[in-house]
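> Mind having a look at this structure? Questions to follow.
The values are calculated or read from the model by the stated rules, or taken from the named source; none is laboratory data. Since the model is a prediction, treat every value here as computed from it, not as a measurement. Methodologically, a virtual Cβ is constructed for each residue, glycine included, from the backbone with ideal geometry; neighbour enumeration extends over all protein chains shown.
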Amino acid sequence: MGDHREGTAVDQLSGGTDTTDASGAVAAARRDRAVRAAVAQGLLGPDTPLVGLLDVAGIRESAAELRAAFAAVAAPGTPVLHAFAVKAAPLVPVLRLLHEEGVGAEVASPGELALARAAGVPAERTVLDSPAKTPAELREALASGVALNADNPQEVARLDALVAAATGPLPPLGVRVNPQIGGGSIEALSTATATSKFGVALRDEGAREWVVRAYLERPWLTRLHAHTGSQGIPLALMAKGVAAAYALAEEINERAGRRQVDTLDIGGGLPVNFASDATTPTYAEYARVLREAVPGLFDGRYGLVTEFGRSLLAKHGTVVARVEYAKSAGGRPVAVTHAGVQVATRTVYAPGAWPLRIAAYDAGGRPKTGPEVVQDVAGPACFAGDLLATGRALPLLEQGDYAAALDTGAYYFAHHYAYNSLARPAVYGFLTGGDGDGSGAGSGEVAFATVREEQSVAEIVAEAGGARAAALTSLA
């Protein structure tokens, strides 16, 4: 795993951690040991005040739980591709780890496709989804064997010409549909509303018939894709979206007189519990809901593709930031840290929808104890709203302590927002001794591997056009 190691005992759970199930308690213990080890080894400190940590054992466990959940409800021999939504954590070592754990890649841009390739994910385990694919992207997918889902009639028309000109075998091709079944509690993440930008809106006048005719006229369309949304979407609504796609596939096949649609891509979107260390809902629960709502989905007639992202990674990542200063404003303590809008953009701008748990650690990386004090946890950016948490009851954070934003393995430290030209933090994966021998949180060393190095000031300048300082003043 790497050459950064420390031998420690298992620390007690951090203040504010709600371990409501055994696996959550074990994961929390691993996290606590990793934070202490990161401080001891110098990965965290005065000169490196912000890092992201990834629990490798936890990621492996989630991948195994996903595979097992669908294997338990699908007929033996059913082809199932679990494709990780790369947007959730666009880091090559993460994609390689998931690939080795039996999970492919769902990509939505040339950049994400390149990351999947760099991780060694083969074309046959890659799916391209995007509402704005260029002709070049479509040609690349057809030539390389990457499966793709067309978003709209104009894209299908583009495929007509490209398929006619193709000389080799075609990859799996499908159409994304929007079942228009409604949204969840977070509007921006609800993709099956009446006016969603994604897919062919099935309830619009003439749209369903257009989809059916598109398949009947194009025998090379063999997949059907639908995705209802992600965080904030209840399981019943997710299942309703899958049921709508299944019913459409049945209609297409009945009218075609053959099994033209052979695979259903049901998307991802399993919500994540950000309130405690418990993992809920689970993949097993979702699979059971799907089996009850759409039993024909699992009888072996259709191959399946899933596109989970946040649910595979969120619980296994932690952003840890040093408290640079501890102050008071209006009688309320404020811990000024190095983690704010640049790593937790959604939380800062939409705290009601994206609250994060905060764990307090002392200067040695040990969980803080003592009376809880209502306080704010602030970030380094120059605007008043740059707050990780407001009015949060925690053991008092003091200068030199550490504040850890929990459940941040997806859509946080891998999605840097360059406010104030703040540097992207380093990201490390970790294993605790005993992770591979069934002993839970382990009792030996903590080993780290560098996933991504911290961005340097020189790299920030280069990205900001540093080599072209005179570009504008030299214009005539």
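> Just a yes or no: is a residue in the range 73-94 in the same structural domain as Gly268 (by TED's automatic domain parsing), out of contact with any helix residue (DSSP H, G or I) (no Cβ under 9 Å at 6 or more places or on another chain) and of a type in the set (D, E, K, R)?
There is no residue in the range 73-94 that is in the same structural domain as Gly268 (by TED's automatic domain parsing), out of contact with any helix residue (DSSP H, G or I) (no Cβ under 9 Å at 6 or more places or on another chain) and of a type in the set (D, E, K, R).
> I'm checking my understanding of the structure. Among residues of the range 189-216 that are in contact with a His (Cβ under 9 Å, 6 or more places away or on another chain) and at negative phi, which one is modelled with the highest pLDDT?
Here the residue is Phe198.
> Still on this model: In this structure, is Arg60 among the basic types (Lys, Arg) and more than 23 Å from Glu292 (Cα to Cα)?
Judged against the criteria, Arg60 is a match.
> Does Val294 fit the bill of being crowded, with 19+ Cβ neighbours inside 10 Å and of a type in the set (Val, Ile, Thr)?
yes
> Which fully enclosed strands (runs of 3 or more DSSP E) of the range 1-110 have 1 or more residues being more than 25 Å from Gly340 (Cα to Cα), modelled with pLDDT under 95 and more than 21 Å from the chain's Cα centre (by Cα)?
4-7
> Let me ask another. Given the conditions (1) surrounded by 15 or more Cβ atoms within 10 Å (Cβ to Cβ); (2) over 21 Å from His415 (Cβ atoms), which single one is not true for Ala116?
Looking at each condition in turn, Ala116 falls short on (2).
> Further question on the same structure: Please work out which residue is farthest from Gly429 (Cα to Cα), limiting yourself to the range 282-291 and to residues that are surrounded by fewer than 23 Cβ atoms within 10 Å (Cβ to Cβ) and not hydroxyl-bearing (Ser, Thr, Tyr).
By that ranking, first place goes to Arg291.
> Check the range 374-392 and report whether any residue there is over 20 Å from the mean Cα position of the chain (by Cα) and in contact (Cβ under 8 Å) with a residue 60 or more places away in the chain.
no
> Consider Ala381 against the criteria (1) surrounded by fewer than 20 Cβ atoms within 10 Å (Cβ to Cβ); (2) touching a Ser or Thr at 6+ places or on another chain (Cβ under 8 Å): it satisfies all of them except one. Which criterion is unmet?
Unmet condition: (2).
> Which residue is surrounded by the most Cβ atoms within 10 Å (Cβ to Cβ), if the candidates are limited to the range 303-339 and must be free of Cβ contacts under 8 Å to residues at least 60 places away in the same chain, in contact with a strand residue (DSSP E or B) (Cβ under 7 Å, 6 or more places away or on another chain) and not charged (D, E, K, R)?
Top of the filtered list is Val336.
> Another question, then. Looking only at the range 343-353, decide whether some residue is in contact (Cβ under 8 Å) with a residue 60 or more places away in the chain, in contact with a His (Cβ under 9 Å, 6 or more places away or on another chain), in a loop (DSSP other than H, G, I, E, B) and of a type outside the set (Lys, Arg).
Yes, the conditions are met somewhere in the range 343-353.
> Here is a follow-up. Identify, from the list Asp151, Asp129, the residue that is free of Cβ contacts under 8 Å to residues at least 60 places away in the same chain and in the same structural domain as Arg223 (by TED's automatic domain parsing).
That would be Asp151, the only listed residue that is free of Cβ contacts under 8 Å to residues at least 60 places away in the same chain and in the same structural domain as Arg223 (by TED's automatic domain parsing).
> Okay, next question. Checking Gly174 against (1) modelled with pLDDT under 95; (2) in a strand (DSSP E or B), only one condition comes out false. Which one?
Looking at each condition in turn, Gly174 falls short on (1).
> Pull out all pairs, ordered by first then second residue, where Cβ-Cβ is under 8 Å, the residues are six or more apart or on different chains, the first lies in the range 247-261 and is assigned by TED's automatic domain parsing to the domain that holds Leu224, and the second is surrounded by fewer than 12 Cβ atoms within 10 Å (Cβ to Cβ) and not in a helix (DSSP H, G or I).
From the range 247-261, the pairs are Gln260/Pro219.
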